C-alpha cells in the first residue's frame, strides 16, 4: 500500500478543519438557544430555586465571617485564665480523651519532640519557657 501524497494529506486536513468549524458553530448555536429559553418544568424550577437559596445562605455566612475577621474568638481574660489553669495543672488537659488535647500539651510543655532511646526509654525533655520560669521561681524560694 502506498503512502498518501502530500497534496492529499493537505486536502484531507482542510476538510477536517471545515467540518470541525461547522460542528463547533452548531454547538454554539444550540447552547445559545438552550440558554435563551426559560425552564418550564417544575422540577427544574425548584432545582434552580434551591440552588439560589443555598448560594444566598452561603453569601450571608461569608459576610458574617468577613465581619468577624480579625476579632479574637475569646476575650483576653478568658484566654489568660485558660493558660493559667493549664500551667497550674497540665494533667487535666492530658487526661482528656481527645488526641488534639494531648498534642497541645506536648507542644506547650516541651520545646522539642520527645526523644526515645532503645532499651533505656524516653530521655529527659527540654521544657518550654513557662515551665522553666515556674521551675526557677520554685527553686528560688
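The values are calculated or read from the model by the stated rules, or taken from the named source; none is laboratory data. Every value quoted in this text rests on a predicted model; they were computed, and no experiment measured them. Here the Cβ is made from the backbone with ideal geometry for all residues, glycine too, and neighbour counts use every protein chain on show.
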Review point. Can we say residue 137 is loosely packed, with under 11 Cβ neighbours inside 10 Å, under 32 Å from the mean Cα position of the chain (by Cα), at pLDDT below 85 and part of a helix (DSSP H, G or I)?
Key: no
Check your understanding: In region 107-129, how many residues are surrounded by 14 or more Cβ atoms within 10 Å (Cβ to Cβ) and not in a loop (DSSP other than H, G, I, E, B)?
Key -> 4
Exercise for review: Test residue 59 against the stated conditions and say whether it is under 30 Å from residue 108 (Cα atoms) and modelled with pLDDT of 80 or more.
Suggested key: no
Point to revise | Sole residue being exposed (fewer than 10 other Cβ atoms within 10 Å of the Cβ) and over 27 Å from residue 133 (Cα atoms), chosen from 98, 51 | key: 98
